[in-house]
1. Along its three principal axes, how long is the stretch 1-54 when you only count alpha carbons? Whole Å, largest extent first please.
2. In percent, how large is the relative contact order of the stretch 45-93, given Cα pairs closer than 8 Å and 6 or more residues apart?
3. Find the accessible area per residue for the chain; the probe is 1.4 Å, ligands and nucleic acids are left out, and the unit is Å².
4. Among the lysines, which have Cα under 21 Å from the Cα of K86 when same-chain residues fewer than 8 positions away are ignored?
5. With a 1.4 Å probe and all protein chains in place, put K86, K43 in order of accessible area, largest first.
6. In Å³ and rounded to a whole number, note down the convex hull volume per residue for the Cα atoms of the chain.
7. Which residues in the stretch 40-71 have a backbone N closer than 17 Å to a point placed 7 Å from the Cα of E88 along the Cα-to-Cβ line?
8. What percentage of the solvent-accessible surface of the chain, computed with a 1.4 Å probe over protein heavy atoms, is contributed by carbon and sulfur atoms?
Amino acid sequence: QVQLVESGGGLVQPGGSLRLSCAASGTIARINRMGWYRQAPGKQRELVATITSGGSTNYAESVKGRFTISRDNAKNTLYLQMNSLKPEDTAVYYCTFDTWRRTYWGQGTQVTVSS
């Protein structure tokens, strides 16, 4: 079964940057929207950013101007460039790929912003 594999998480100081990546372990046909979600301890999972197959993007207000979502359609890979990170960005980050049949979810990667 095809899985999504995230990478790039870790510990970073406030004001620092990280780049998350998400790739499928096999072929997924006709991916429409891709996205990033996050879940902080004790909080509900929330949408961070999405990008359509045509490149249209949408961001949560809390990350606008600091995060950039992008995708490589040829490689079926999704990215999230995170700049000016804040302690409140600390969470497990999950990627998603939407197709007409189902939504794929990654296993999550931890991002911790702390001095």
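The values are calculated or read from the model by the stated rules, or taken from the named source; none is laboratory data. Just so you know, these numbers come straight off a predicted model, no measurement behind them. Here Cβ is always computed from backbone atoms with ideal geometry, including for glycine, and neighbour counts include all displayed protein chains. Side chains included, ligands, DNA and RNA excluded: accessible areas come from the protein's heavy atoms. Shrake-Rupley method; radii C 1.70, N 1.55, O 1.52, S 1.80 Å.
1. Projected onto the principal axes, the Cα atoms of the stretch 1-54 cover 38, 25, 21 Å.
2. Values: 45 pairs, mean separation 12.4, N = 49.
Relative contact order comes out at 25 percent.
3. Values: 6280 Å² over 115 residues.
Accessible surface, normalised per residue, equals 55 Å².
4. K43, K64
5. Working: K86 80, K43 135 Å².
The ranking, largest first, comes out as K43, K86.
6. Numbers: hull volume 11.1 nm³, N = 115.
In the chain, the Cα hull volume divided by residue count equals 96 Å³.
7. Residues 40-49, 59-67 fall inside that zone.
8. 45
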